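The values are calculated or read from the model by the stated rules, or taken from the named source; none is laboratory data. From a predicted model like this one, the values you see are computed outputs, not experimental measurements. Backbone-built Cβ (ideal geometry, glycine too); neighbour counts: all protein chains shown.
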Amino acid sequence: MIDQRHYMITLMAVFLSLSIGIFIGNALLGNDLVISQQREVIERLQQNYYELQGEHHCLQDRLFGLQVWEETKADLEQVLLCLIKNKGDLKARVAIVNTCGEDLKGGLPAYLRECGVDVGIIGTVSTSFNPHNENLMVALREGGYIDPGTDAGEEWLKLVRYFASAVTGIKGGDFLAFLAAEGLITITGEPLSEVDIVLFLGNSTAERLQRIEELDYPLLEAWKEEGIRIIAAERMDPRSSPELYRAKGVSTIAHLNTLAGRLSLLYLLSNDIEEHFGCGNNEDPPLPLKWLLEQGKGE
C-alpha cells in the first residue's frame, strides 16, 4: 500500500512537473513570438515612415515647382504672345458659347482680343434651359417660337437650332433677348455677322451625359450644318472624356485653363484644321510645339 502510494505520488509529481514545464515553455515561447512580431511591426512602420518621408520631400519639390510656375507663367505667356502677335493678328471672328456653367476665369475674351480675335457675343446657358422645363416650353409656345402641335422632341431641337443661329448672328436676335429676360442665358456683347468660329465651352464628364445629349450635341450639329468651325474646349479634369465632343468632328482642347491650352487655342484659331490637345491621362499632345517653334524663328 505504501509502495502504491509512493508510486502514485511520484507519478503525480512527474505530471505536475511536466505541466509546469509545458506552461513555462509556452510562456517563454509566446513571449519570443510576441517580441518577434513586435520587431517586424516596428521595422514595417520604420520602412513606411521612410517611404512617406521621401514622398513628402518629393511633393514639397513639386509644390515649389508649381509655385515658381504660377509666379512666372504670366510673364512667359506675354513673351509667347509677343512672338505670335509679331506674325500678324489672327483676324478670326468668334462667338463664345458656354454650357458648362463655369464662369470665364482668367480673362479669356480679353486674351483673345489682345491677339487680334474679334470676339462677339458671349453666351452662358443656364441649366434651366432644357426640354424638361415645362414653364419654358409654355412661354415659348405663347411667344410663337414653337408650334403647339409639334412633337416635344422636335420642338426642343427647333429651339436649340434657333439659339445656335442667334448667337452666330444669322437670325433670331429677339429670341436671345427673350431667353435673357427669362434668366435662361446670360449675354455679353453682341452677335457678329458671318462668325468664323464658335468657341464652345463644355464639360465632358459622366455627370453631364444627359446634358451633352440634349443640348451640346444639337448645338454642335446645328453650327456644323451652318458651315461654322467649332472648337470644343473645357477645363482640365481627369474625369473628362473629350472624345465625346471629338465624335462630332470638332477640334477639342481638354485643358483650356492652362497656358498650354490657351496656346493650343491660338493655334486652332489661326489654322483651319481639326486637331486635339490635352494633358494628364489624355493621349493628345499638350500644345502645338512645332507651330510655336516656328513663331520664334527670325524672318
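So the values come out like this:
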item: Residue match in the range 261-268 (condition: crowded, with 17+ Cβ neighbours inside 10 Å and within 29 Å of residue 140 (Cβ to Cβ)); result: no
item: Test for residue 256: is it in a helix (DSSP H, G or I), crowded, with 17+ Cβ neighbours inside 10 Å and either touching a residue at least 12 places away in the same chain (Cβ under 8 Å) or of a type in the set (Lys, Arg) (or both); result: no
item: Residues that are of a type in the set (Val, Ile, Thr) and in contact with a strand residue (DSSP E or B) (Cβ under 8 Å, 6 or more places away or on another chain), drawn from the range 216-263; result: 228, 230, 231, 250, 252, 253
item: Residue selected from the range 219-253 under the condition within 18 Å of residue 160 (Cβ to Cβ) and under 14 Å from the mean Cα position of the chain (by Cα), by the criterion surrounded by the fewest Cβ atoms within 10 Å (Cβ to Cβ); result: 244
item: Qualifying positions in the range 152-184 - without any contact (Cβ under 8 Å) to a residue 24 or more places away in the chain, among the small types (Gly, Ala, Ser) and farther than 18 Å from residue 134 by Cα; result: 172, 173, 177
item: First in the range 204-225 and farther than 10 Å from residue 244 by Cα, second anywhere and acidic (Asp, Glu), Cβ under 9 Å, 6 or more apart; result: 208/216
item: Check on residue 193, small (Gly, Ala, Ser), under 24 Å from the mean Cα position of the chain (by Cα) and in the same structural domain as residue 98 (by TED's automatic domain parsing); result: no
item: Residue in the range 171-193 that is farthest from residue 226 (Cα to Cα), counting only those that are surrounded by 18 or more Cβ atoms within 10 Å (Cβ to Cβ) and of a type in the set (A, V, I, L, M, F, W, C); result: 184
item: Residue list for the range 177-211, filter: touching a helix residue (DSSP H, G or I) at 6+ places or on another chain (Cβ under 6 Å) and either closer than 14 Å to residue 126 by Cα or basic (Lys, Arg) (or both); result: 185, 187, 202
